[in-house]
Amino acid sequence: MAVKKAISSIDLLIQEKKEFRTKVVGSEELPPLIQGDIINRFDRAMWSMLQGDIEWLQAIKRQLLPDQHRTKIVCRHPKKDHDTDGSGQKYCMNCNANLPM
Ligand SMILES: [Zn+2]
């Protein structure tokens with residue numbers, strides 16, 4: 001799978017998890033604790049589980065995004081392999097290197 005496709009699949013998964021969380025828990029934030037409320041306990045557990053999934057997906061996405069400081073890759077691929085990520089950074093879909101703007 002091309003890096004670009006992997007990243008957009010991860011973006012989609014993150015979006016779905018966030019929407020599901022808002023739908024089920026009814027809040028983008030962790031609901032405050034209500035002692036003795038079993039539904040509140042379930043909502044908080046569900047929220048935390050989905051938050052964990054989202055953080056894992058974001059960590060995986062960070063590994064896929066180019067990291068010039070770590071890799072120092074010099075790209076020699078043709079321009080057709082080049083694309084721009086969500087933050088506007090140009091990168092190579094083939095070797096994952098950041099490209100000069
Ligand atoms: Zn390249």
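Coordinate-derived values only; no laboratory data. Given the structure is predicted, the values throughout are model-derived calculations rather than measurements. Every residue, glycine among them, receives a Cβ derived from its backbone with ideal geometry; neighbour counts consider all protein chains shown.
When a/c is below 1.5 the answer is rounded, else prolate if a/b is larger than b/c, else oblate, so apply that to the chain with a ≥ b ≥ c taken from the square roots of the Cα gyration tensor eigenvalues.
It is prolate, given that a/c is not under 1.5 and a/b is the larger ratio.
I'd like to compare 86-95, 23-32: which one has the highest average count of other Cβ atoms within 10 Å, and what's the full order after that? Walk me through the numbers on the way to the answer.
Numbers: 86-95: 14.4, 23-32: 11.6.
Final packing ranking: 86-95, 23-32.
Can you give the FRET efficiency for Thr22 and Ala59, using 1/(1 + (r/R0)^6), R0 = 30 Å, r = Cβ-Cβ distance, to the nearest 0.05? Spell out each step's value before the answer.
Details: r = 22 Å, r/R0 = 0.72.
E(calc), rounded to 0.05, equals 0.90.
Among the listed pairs Lys18/Lys79; Lys23/Lys61; Lys23/Lys90, give every one whose C-alpha distance is greater than 29 Å.
Lys18/Lys79; Lys23/Lys90
Given Cβ point charges of +1 (Lys, Arg) and -1 (Asp, Glu) and nothing else, what value in debye, to the nearest 20, does the dipole of the chain about its Cα centre take?
So the magnitude is around 580 debye.
Which aspartates and glutamates have a Cα less than 16 Å from the Cα of Lys5, not counting those fewer than 8 places away in the same chain?
Straight-line reach from Lys5, under 16 Å: Asp81, Asp83, Asp85.
Tell me the label-point distance for the pair Ser87, Asn40, using the 7 Å Cα-to-Cβ offset, in nm and rounded to one decimal.
3.8
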